[in-house]
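Worksheet: the structure to be examined is printed underneath.
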Amino acid sequence: MRRAVLFLSRFLSSLWIALAGAFLFLLLSNAPSVPSTTPFASAAIRGEDSAVVHLPNKSFTCTETEQQFQCQTKIQNRSLDLSLTKGNDNQYYFSDCRALYDGRSLNCQKTGQTYAPILSDIYEITDLGLSSQQLQAVKQDYWGINALMQLGELRIMWISAALSIGAGIIAAFSTWVKPGKLSKAFTSLACGFGVYHLVWGFLGRVQYDLVTPYGFTPNTWDWVVNGGAIALGAGTALATAFCFGKG
């Protein structure tokens with residue numbers, strides 16, 4: 001009986017590590033990185049049937065001149081070029097976007113902004129003239145970013161929360177089955193990670209316009225969200241470790 005319980009504990013731990021590792025790899029491999037790779041957060045192409053295919057900013061190769069950034073990627077073996085004209089004093093604020101596909105001028109417009117990890121633009125490009133089959137092929141080439149965009153921020157948060165809760169359950173089960181320093185350390189880390197994620201998810205959903213009347217800017221509120229989540233997560237991990245140590 002004890003052998004079966006130990007096998008179940010190790011199986012659940014291995015399954016969680018595999019799922020969490022795959023999810024983390026998907027997030028990290030598709031996370032935008034501004035400005036180390038490109039000066040914008042992401043771009044998307046919209047087909048005639050309103051289907052949207054998202055392109056990771058890492059797929060673009062960019063060069064900078066005094067007046068603009070010029071970025072290029074390949075879509076269906078043809079060149080997609082973006083020219084972003086600099087504006088104001090911020091070199092990552094752009095006053096104009098121009099797109100060329102295989103030498104043909106396209107419509108390029110900014111559709112929003114996000115943190116990646118600085119405030120960066122999101123662009124949408126239309127009129128490429130690709131068929132539904134060609135768009136589907138492009139989507140398969142960049143299945144990771146499109147899968148994440150289809151899930152949406154809320155579902156990604158649910159998956160992260162489920163993994164956090166699962167880690168806590170497995171850690172508690174492992175500690176009950178085979179108490180020891182390793183299982184206690186894992187439990188402490190799992191509890192700390194779970195609290196960090198829950199706090200970050202709760203504070204991260206607060207809109208900027210709700211906190212700006214209290215003197216917070218978007219940047220300072222981001223510091224509060226990240227700093228508060230890290231502090232509470234670390235505190236929970238230390239408190240859990242202390243309780244186990246006293247026990």
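The values are calculated or read from the model by the stated rules, or taken from the named source; none is laboratory data. Predicted model only: the values in this text are computed from it and were never measured. When we count neighbours, we look across all protein chains shown, and the Cβ atoms used for this are built from the backbone with ideal geometry, even at glycine. Just so you know, the surface numbers come from the protein's heavy atoms only, side chains and all, with ligands and any DNA or RNA stripped out. Shrake-Rupley method; radii C 1.70, N 1.55, O 1.52, S 1.80 Å.
Quick look at the values:
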{"read-out": "Segment 201-233: number of residues that are open to solvent by 60 Å² or more (accessible area, probe 1.4 Å) and assigned to a loop (DSSP other than H, G, I, E, B)", "value": "5"}
{"read-out": "Residue satisfying condition, being aliphatic (A, V, I, L, M), closer than 26 Å to Leu19 by Cα, touching a Pro at 6+ places or on another chain (Cβ under 9 Å) and at pLDDT below 90, within set Ala162, Ala116", "value": "Ala116"}
{"read-out": "Test: residue in segment 149-169 that is open to solvent by less than 50 Å² (accessible area, probe 1.4 Å), touching a strand residue (DSSP E or B) at 6+ places or on another chain (Cβ under 9 Å) and assigned to a helix (DSSP H, G or I)", "value": "no"}
